[in-house]
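Here's the structure we're looking at; comments come further down.
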Amino acid sequence: VDVFQAWCGPCKPVMNLFQKIWSEVGSDLLHFAVADVDSIDALEKYRGHCEPIFLFYTGGELVAAVRGADAPLLQKTILQQL
């Protein structure tokens, strides 16, 4: 989940990275979503940050988080979680 605030928007370069990984891996387990922290109370603790935050969930549980648009770290985290 790409967690963002309306004033800075979702991270478009990372969306492209996720699409690339999804097309390479082709896994039904990999899903990408964006979430505006200003409209979701459960994400309130992520408000006020100007860097993107990527949350990884498995079975409804938060299993990893990556702060910043670090493409190599995001790719590594995605592949580890799959």
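Below is a table of values for the structure above.
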read-out	value
Yes/no for G60 being over 25 Å from W7 (Cα atoms) and at pLDDT below 90	yes
Check on R67, within 11 Å of the chain's Cα centre (by Cα) and not polar (S, T, N, Q)	yes
Scan of region 24-58 for residues that are open to solvent by 80 Å² or more (accessible area, probe 1.4 Å) and either of a type in the set (G, A, S) or more than 14 Å from the chain's Cα centre (by Cα) (or both), ordered by number	E24, D28, L29, S39, D41, A42, E44, K45, C50
Residues of region 66-80 satisfying the condition of being over 17 Å from K12 (Cα atoms) and surrounded by fewer than 14 Cβ atoms within 10 Å (Cβ to Cβ)	K76, L79, Q80
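Listed here are the residues, each with its yes/no results for (1) assigned to a helix (DSSP H, G or I); (2) in contact (Cβ under 8 Å) with a residue 40 or more places away in the chain.
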position: V3; (1), (2): no, yes
position: C8; (1), (2): no, yes
position: W22; (1), (2): yes, no
position: F32; (1), (2): no, no
position: L43; (1), (2): yes, yes
position: A65; (1), (2): no, no
position: P72; (1), (2): yes, no
position: K76; (1), (2): yes, no
position: Q80; (1), (2): yes, no
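The values are calculated or read from the model by the stated rules, or taken from the named source; none is laboratory data. None of these values were measured; they are calculated from a predicted model. Counting neighbours? That spans all protein chains shown, and the Cβs are built from the backbone with ideal geometry, glycine included. Just so you know, the surface numbers come from the protein's heavy atoms only, side chains and all, with ligands and any DNA or RNA stripped out. Shrake-Rupley method; radii C 1.70, N 1.55, O 1.52, S 1.80 Å.
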